[in-house]
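A short worksheet on the structure shown next.
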Amino acid sequence: MIEPIDILISFIKVIMAMMWFLILALYLTWLERKESAVMQDRVGANRANIFGFRIIGIFQPFADAIKMFFKEDFTPKFSHKFLHNLAPFLSFYFVLVTIATIPFAGDIKIGEKVIKLQVLDLNIGILFVLAMLSLSVYGVLLSGWASNSRWTLLGGLRGAAQLVSYEVALGLSLVGLVMVYPSLKFSAIVESQGALLFGFLPKWGIVLQPLGFIVFFLAAMAESERVPFDLPEAESEIVGYFTEYSGLKWGLYMFTDFMKVLIIACLLTTLFFGGYQVPWLAADGFHFPWGGEWLMSNGLVVALQVLIFNLKVFFFCWLQILIRWTYPRFRYDQLMDFGWKLLIPLCLINIAITGIVMSFIK
Amino acid sequence: MVKIFIDEKPFEVEEGITVFTAAEQAGIEIPHLCYHPAFAPEGTCRMCLVEIEGVPKLELSCATVVRDGMKVSTNNERVVEARKGVLEFLLADHPMDCPICDQAGDCKLQDYYEKYGMFESRYSENKEKREKKRKIGQTLIHDQERCVLCRRCVRFTREITKTHELGVFERGVHAEISILEDGPVNNKYSGNLAEICPVGAITDLDFRFQTRSWFLKSGDSICPLCSRGCSITIDSHKGFSHFKVPKRVYRIQSRRNENINGFWICDIGRYGYGYINENRLEQILLKNEQNEAMDWEKALKILSEKMKKVHPMDRSSGAVLILNPWLTNEELFLIKKFLIENQEFENVYLIDIPDGEGDDFLITTERSPNKRGLQELGLKAKSLSSDKLPEKIKLVLAFTPPNIDSAGSASVKAVFDKAETKILFASNKNDLSDVSDMVFPTAVIAEKSGSLINIDGVLQNFSPALEALGDSRPEWQILVEMAKEIDINHKYYDQFSSPETILQEIRKEISDFGKKSD
Amino acid sequence: MIKQIGFFIEIVKGSIITARHFWVNLFFHILKLFHIKTKRKGAATIQYPDVRQPIAYRHRSMHRLMKHKDGTPRCVVCMLCVTVCPSECIYVEAAEDPDPEIQKYPSQFIIDLTRCCFCGFCVEACPEDAIRMDTDEIELARYDKEELVFDLDKLLG
C-alpha cells in the first residue's frame, strides 16, 4: 500500500540528502585548504572570484571543478580500460549510498503525515554502512591493479591491506555500542541517546562507550585513507593507487576522500554524540533536569535538531582536518601494529567490560 | 756521456747538449720564452736562468753546455727569485689585455705568471702606448704592446724560410719587431709565426676573435693536402650544449715530428681546413631526395640489391669503380679484396688531382695524400682523363675526394652520364651528389683512423681528431658492412673491426708493406 | 608502554598547538573582516601581486649589458661568462672593432633565460663590469619560450 505521496516524499528525501552530502563534501575541499592555511599562519585559497567578488575564496571549489573538467582525461595504453574507468565510480558510489541511513533530525509532522528525516531506516543500518565502506575497497584495489603500473599496484596493495585490517577494528568497536543500545538501527540508537542518565546526563555514546569512541574514531580515520593513515596514497613515496588517473576521474577519487571524511563525521555524531539530539530537548521542547520547561512547536524542534546535527558534523570534520594537518604519516609496520596489536585488543577489552557492566546492572 | 746533477739528482746525458735539453730529457721543466728547439739559443728572455755550482752568477740554461760533474739547481730560492724578477720586468710593460687576446689560454707568459709569479704589480706609471694592430703579413697581425722581444719570429724568417722579412728596429724601450717598408711577411710558412709566438704578439687573422682557445679540443691527425703528410693537431669545437657554433674546426697547428715535418707546416695545410666544415654531406641521399628515415642498414640493403642486379657476366665490362688517392691503405685494400677481386670490377679508374707548385722544404707537387699506398698495394687504376671508358656502363661506384675540382668532377660526370646506376661515396657536396642514385656520406681523414704512405714511403697511422659529422662513416666501415651485407665470406670480413686489424691483414699479404714505418 | 604513553601526550600536545594556531589566527582574521586594525596579523602571507616586498640590494634579477657613454656595449667578448656559465646559456660572437684599443665587440650576445639558473657567475667573471643582474626584473614568465631568449638589443635595453 504505497501512496504516490510517499514516493514523492522519498524522492525528495533522497535528493536532499544527496545534495547535502555532495555540496558539503565539495566545500570540505575548500575548508581543508582554508583550515590548513589558517593553522599554518597562511591565508589559503582566496583568489577565485566571480566578477571580482572573492568572498574569502568561496568559489574555489567551482574553479577546481572547472579545471578538472577541462583537463585531459588520460587513460594509459597499458591499463585495463574498463576496470580502470570503473574503479573511481565504484569508490564514489559505495561511499555515496551510506548517507541514506543517517538520520538528520527527529520526526516532522505535516498535518496527518509523520515524516522521518532519514532516507532509509534500515534494521541493519550499522552493518549496511560498514558493508558499503568495505566495498569501497574495491575501488582502491581495482584502480591499483587495472592501471597496470607498479606505483598504483603498490598503492592498491597497501590500500587493500590497510582497509581490510582496520575494518576489523571498525566493526568490533561498535559491538559494545550495539550491546548498550540494543539495536543496529540508526534511528533507534539516536532515539536511545535522547534519554538521560542519572536524571541529568544525556545518554550519549561517548558517555557509555568512551573506549569504543576512541577506537572507532581512529579506525575510521584510517578508513578514510588520509594523513596520518595515507599509506595507499603517500604522495612523497609512491604517489598511490590513482597515479595513472587524471582529470575528472582523479577528481572523483579526491572527492571520495572528502565524502569519507564527511560520512565518518556523520557516523561519529550519530553513534557517539547523540546524532541530532540536543541535551534535554524532547519532541515538544526542553525539559531541564532542574525542573524548568521550554515548550516549542514541532517545526522549531526539528529545525534545532538539524542545526545541532550539522554543527556536530562540522566539528568532527574540523577535527579530522586538524589531525590530517598536524601529524606525519605512519610507517607501514607501525600502521599494521597499531591496527592489529592495539586497536583490536582494545575493542575486545571494551566488549568484555561492556558485557560485565551490563550484567551487573541487570 | 757525462754525468750531471740536476736538483741533486744524478743524470747521464749526452755530451754537447745544453743544460736546458738535459733537464727536458730528465723531465724537469725550465720556464722559457725565447728558446725554441728548432733555433740556435739566443738568450734574450732570461727566463731559463739556473744556478750552477761554482759559477757566481746565474746561468742561461738554454745556452750553457753540460760539463761532467756539473751541479745544476733549477728551482732553488735564488733561481725562483730571479725568475720572478724577470717576469715582473716582462709584465711591467705588458698591456694585460688577456680578455681580448687570442693567445689567452695558450700563452706562456700567462702560464708562468700563474706558476712562478703571482705578485702584485708595482708598476704604477702609465704603460707605454704602442701600435696594437699592425698587419705584418697576409694572415698575421702584430701587437707591439704584447711583444716580449723573444725574437723567435725573426729567427724563423732567417733560419727556416730564409726570407728575412722581420727584424728588430729601434733600441731600448722603443725596440720593436717589424717588417721593412713594403716588405710584408710573404712566404708559404708564415702561419708558423703565430704559432711559435710565446705570447699574443703575432696572432692569426684566420683565428682572430673566432673563439677562445680553452673551448677547443685538440686531436692529432695528418695533413692530407699534399703527399708530405705533415703531422698536425686539429682544434675543434663541439659547440655548447644549447648553442651551435659556426665552425667545427677552428684551427690547425703543426705537431712535432722529426721524420716528416719537424716543427712546421705550410700555410696550405694550416688554412685549408674548410672542407671539414663546409658543404658536408650529413645524410644518406637516395634518388636525390633527402630521406629522414634512411639509415645505414636500409641503405646498404638497397645498395647490395643494386649490386646483385648487375649480372656477373656484365661486371667485367659494365661495372666501373672510381677511386681517389685520399683513401687510406686499409680502404684501398678492402676495395681491392672485395670489389675488385670478389665482385670482379675490372674497370678501375683513379680521379686525377692536378699537381700544384712545390718547394724543396715541405710542400710537394703531388696534392694527394696516398698515391704511394695505391702503388704499394698493387692497385692498377686507369686515369679518368686520358684512358678510354667502356661502352656500356651498368653500375658505377665512385669514391670522390673532398677537394675534387671541376675538371675532376667533369670527368666523373662523363662516366655517370653513361651509367645506369650511379653510387657516390663522398664527404662533401659536389657536382656529382645531385646526379647520383645514392649518395653515402663519408668521414674525412680528420674524422677517421687508418694509415697513409707519404711521398718518401713512410707509413703513418692516425686516429680521429674529431667525431664524424652526422650520419657519415669512414669508408672502411662502409666497405666491411657492404661485404657483410652481400654476404661473401662473412667470416673474413667479420675480423675487420678496426683499421689496425686490416693493416695486419695487409702485412700478411704484402710483408714489406710500408716498410719505412714511422 | 610508558614510552608509548609519552608519545600519546606529545601527540595530543601537537594537536593542541595546531588548534591554538587555528583559533588565534581565525580570531585575527575575523577582526580584519570587520576592519579592526590589529598589530598582529592572522597570516604571515604577503599578497604577492597586490603587495610587493622590496627586492634586496644584492638580489640577482634579469641580466643587462652595460654601455659605454657613446652607447656601444662595454662587453669585449672575452667569453669568460660563456666559460663560467654552469648551464651554458650564454652565447657570444665577436666582431672586429675599427678602434684598435677596443678590438673586439659583440656582434651577437644571447642569453637563453629558459636555461639560466641565475647563479650570477657571469657577473662575477666579467672583467669589464659589462654584465649586471640588477634590473630588478623578476617576473620572467612568458607564453612563448622564444621570448625568453634575449639577444643583444634586448639586453642593452
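The values are calculated or read from the model by the stated rules, or taken from the named source; none is laboratory data. The structure presented is a predicted model; accordingly, all values stated were derived computationally and were not measured. Ideal geometry is used to build each Cβ from the backbone, glycine not excepted, and the neighbour counts take in all protein chains shown.
Would you call C:Asp50 in the same structural domain as C:Asp129 (by TED's automatic domain parsing), acidic (Asp, Glu) and loosely packed, with under 13 Cβ neighbours inside 10 Å? No; evaluated as a whole, the condition is false for this residue. Within segment B:150-160, identify whether any single residue is touching a Ser or Thr at 6+ places or on another chain (Cβ under 6 Å), among the aromatic types (Phe, Trp, Tyr) and not in a loop (DSSP other than H, G, I, E, B), and answer yes or no. No, because not a single residue in segment B:150-160 is touching a Ser or Thr at 6+ places or on another chain (Cβ under 6 Å), among the aromatic types (Phe, Trp, Tyr) and not in a loop (DSSP other than H, G, I, E, B).
In the set A:Leu196, A:Leu154, A:Leu174, only one residue is in contact with a strand residue (DSSP E or B) (Cβ under 7 Å, 6 or more places away or on another chain) and aliphatic (A, V, I, L, M); that residue is A:Leu196. Hey, among the residues in segment C:103-117 that are facing chain B (nearest Cβ under 8 Å) and part of a loop (DSSP other than H, G, I, E, B), which one's surrounded by the most Cβ atoms within 10 Å (Cβ to Cβ)? Step by step, filter segment C:103-117, then rank; the result is C:Gln103. For segment B:99-109, indicate whether the set of residues that are of a type outside the set (Val, Ile, Thr), modelled with pLDDT of 90 or more and more than 25 Å from C:Ala95 (Cα to Cα) is non-empty. There is at least one residue in segment B:99-109 that is of a type outside the set (Val, Ile, Thr), modelled with pLDDT of 90 or more and more than 25 Å from C:Ala95 (Cα to Cα). Once segment B:183-216 is narrowed to residues that are among the hydroxyl-bearing types (Ser, Thr, Tyr) and touching a helix residue (DSSP H, G or I) at 6+ places or on another chain (Cβ under 8 Å), the residue that is farthest from the other protein chains (Cβ to nearest Cβ) is B:Tyr189. When each of C:Thr38, C:Thr83 is tested for being touching a residue at least 40 places away in the same chain (Cβ under 8 Å) and either surrounded by 10 or more Cβ atoms within 10 Å (Cβ to Cβ) or in a loop (DSSP other than H, G, I, E, B) (or both), the lone residue that passes is C:Thr83. Residues in segment A:203-226 that are of a type outside the set (Asp, Glu), surrounded by 19 or more Cβ atoms within 10 Å (Cβ to Cβ) and not in a helix (DSSP H, G or I): A:Trp204, A:Gln209, A:Ser224, A:Arg226.
Per-residue answers, yes or no, for (1) under 25 Å from B:Asp295 (Cβ atoms); (2) touching a residue at least 12 places away in the same chain (Cβ under 8 Å); (3) outside the structural domain of B:Lys337 (by TED's automatic domain parsing); (4) touching a Leu at 6+ places or on another chain (Cβ under 8 Å):
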site	(1), (2), (3), (4)
B:Leu469	yes, yes, no, no
B:Gln477	yes, no, no, no
B:Glu481	yes, yes, no, yes
B:Glu485	yes, yes, no, yes
B:Ile488	yes, yes, no, no
B:Ser498	yes, yes, no, no
B:Gln504	no, no, no, no
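Residues in segment B:363-393 that are in contact with a Lys or Arg (Cβ under 7 Å, 6 or more places away or on another chain) and modelled with pLDDT of 90 or more: B:Ile363, B:Thr364. For segment A:8-45, a tally of residues being facing chain C (nearest Cβ under 10 Å), buried (at least 18 other Cβ atoms within 10 Å of the Cβ) and outside any helix (DSSP H, G or I) returns 2.
Is it the case that segment C:135-149 has a residue that's surrounded by 15 or more Cβ atoms within 10 Å (Cβ to Cβ), away from every other protein chain (no Cβ under 12 Å), of a type outside the set (Gly, Ala, Ser) and under 11 Å from C:Leu65 (Cα atoms)? Within segment C:135-149, none of the residues are surrounded by 15 or more Cβ atoms within 10 Å (Cβ to Cβ), away from every other protein chain (no Cβ under 12 Å), of a type outside the set (Gly, Ala, Ser) and under 11 Å from C:Leu65 (Cα atoms). In segment C:78-99, the qualifying residues are those that are in contact with a helix residue (DSSP H, G or I) (Cβ under 6 Å, 6 or more places away or on another chain) and more than 14 Å from C:Arg115 (Cβ to Cβ), and the one that is farthest from the other protein chains (Cβ to nearest Cβ) is C:Val84. Among the residues of segment B:451-476, those that are of a type outside the set (Gly, Ala, Ser) and surrounded by fewer than 17 Cβ atoms within 10 Å (Cβ to Cβ) comprise B:Asp456, B:Glu467, B:Asp471. Any residue in segment B:463-472 that is within 23 Å of B:Ser218 (Cβ to Cβ), touching a Phe, Trp or Tyr at 6+ places or on another chain (Cβ under 9 Å) and in a helix (DSSP H, G or I)? No, the conditions are met nowhere in segment B:463-472.
Answer with yes or no whether C:Ala130 is under 25 Å from B:Pro246 (Cα atoms), out of contact with any helix residue (DSSP H, G or I) (no Cβ under 8 Å at 6 or more places or on another chain), of a type in the set (Gly, Ala, Ser) and within 9 Å of another protein chain (Cβ to nearest Cβ). No: the conditions fail for C:Ala130. With the condition kept exactly as written, say whether any residue in segment A:298-317 is surrounded by 16 or more Cβ atoms within 10 Å (Cβ to Cβ), within 14 Å of chain C (Cβ to nearest Cβ), farther than 30 Å from A:Ala105 by Cα and at pLDDT 85 or above. No, because not a single residue in segment A:298-317 is surrounded by 16 or more Cβ atoms within 10 Å (Cβ to Cβ), within 14 Å of chain C (Cβ to nearest Cβ), farther than 30 Å from A:Ala105 by Cα and at pLDDT 85 or above.
Scanning segment B:180-237 for residues that are hydroxyl-bearing (Ser, Thr, Tyr), in contact with a His (Cβ under 9 Å, 6 or more places away or on another chain) and not in a loop (DSSP other than H, G, I, E, B) yields a total of 1. Looking at A:Trp280, is it more than 22 Å from A:Ser165 (Cβ to Cβ) and within 14 Å of chain C (Cβ to nearest Cβ)? Against the criterion (more than 22 Å from A:Ser165 (Cβ to Cβ) and within 14 Å of chain C (Cβ to nearest Cβ)), A:Trp280 does not qualify.
Residue count for segment B:390-406, restricted to those that are more than 16 Å from B:Ile335 (Cβ to Cβ) and crowded, with 18+ Cβ neighbours inside 10 Å: 5. Looking across segment A:46-57, the residues that are surrounded by fewer than 17 Cβ atoms within 10 Å (Cβ to Cβ) and either within 14 Å of another protein chain (Cβ to nearest Cβ) or within 24 Å of A:Ile264 (Cα to Cα) (or both) come down to A:Arg47, A:Asn49, A:Gly52, A:Arg54, A:Ile55, A:Ile56.
In segment B:235-262, of all residues being of a type in the set (Val, Ile, Thr) and away from every other protein chain (no Cβ under 14 Å), the one that is surrounded by the most Cβ atoms within 10 Å (Cβ to Cβ) corresponds to B:Ile252. Cβ-Cβ contacts under 6 Å between residues 6 or more apart (or on different chains), taken from a first residue in segment A:243-255 that is more than 9 Å from A:Phe74 (Cα to Cα) to a second residue that is buried (at least 21 other Cβ atoms within 10 Å of the Cβ), are listed as A:Thr243/A:Thr152; A:Lys249/A:Pro88; A:Trp250/A:Phe242; A:Leu252/A:Pro88; A:Tyr253/A:Pro88; A:Tyr253/A:Phe242. Residues being surrounded by fewer than 20 Cβ atoms within 10 Å (Cβ to Cβ) and part of a loop (DSSP other than H, G, I, E, B) are represented in segment A:271-279 by at least one member. Looking at the structure I just gave you, is B:Ser73 more than 14 Å from chain C (Cβ to nearest Cβ), surrounded by fewer than 13 Cβ atoms within 10 Å (Cβ to Cβ), out of contact with any Leu (no Cβ under 8 Å at 6 or more places or on another chain) and among the hydroxyl-bearing types (Ser, Thr, Tyr)? No.
Does segment C:64-77 contain any residue that is away from chain B (no Cβ under 14 Å), farther than 30 Å from C:Thr114 by Cα, outside any helix (DSSP H, G or I) and of a type in the set (A, V, I, L, M, F, W, C)? No - not one qualifying residue is present in segment C:64-77.
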